[in-house]
1. Which of the residues that make up segment 71-83 are surrounded by 11 or more Cβ atoms within 10 Å (Cβ to Cβ) and outside any loop (DSSP other than H, G, I, E, B)?
2. For segment 35-46, give me each residue that is within 11 Å of residue 20 (Cα to Cα) and touching a helix residue (DSSP H, G or I) at 6+ places or on another chain (Cβ under 8 Å).
3. Just to be sure before I move on: is residue 91 over 13 Å from residue 22 (Cα atoms) and either touching a strand residue (DSSP E or B) at 6+ places or on another chain (Cβ under 7 Å) or modelled with pLDDT of 95 or more (or both) in the structure I sent?
4. Of all the residues that make up segment 1-36, how many are within 17 Å of residue 48 (Cβ to Cβ) and surrounded by 18 or more Cβ atoms within 10 Å (Cβ to Cβ)?
5. Kindly check whether there is at least one residue in segment 57-64 that is surrounded by fewer than 12 Cβ atoms within 10 Å (Cβ to Cβ) and out of contact with any helix residue (DSSP H, G or I) (no Cβ under 8 Å at 6 or more places or on another chain).
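The values are calculated or read from the model by the stated rules, or taken from the named source; none is laboratory data. Keep in mind it's a predicted model, so treat the numbers as computed, not measured. Please note: Cβ atoms are built from the backbone with ideal geometry, for glycine as well, and neighbour counts cover all protein chains shown.
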């Protein structure tokens, strides 16, 4: 993956989890935003599509947030951002951060 456009680093005890978003790129009919979540023991790569660059990036952030919220790292290993369980990424309508 190229140098990220933006990234966010989360804490998990003595470890970090990093979410990296690439700059959205325009295709023939839509835009794509590649992103990656790097856990201490694994790496996952994804992509989101939107009608324009803003929507592609926003959807990538929402998808990354949803993935993190259901991850073992969040549910069982204390994944936080700035010491908070709220990871500070946008959520799609209808989704909420689980109570702490």
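1. 73, 74, 75, 80, 81
2. Residues satisfying the conditions are 35, 37, 44, 46.
3. No: the conditions fail for residue 91.
4. 11
5. Scanning segment 57-64 turns up no residue that is surrounded by fewer than 12 Cβ atoms within 10 Å (Cβ to Cβ) and out of contact with any helix residue (DSSP H, G or I) (no Cβ under 8 Å at 6 or more places or on another chain).
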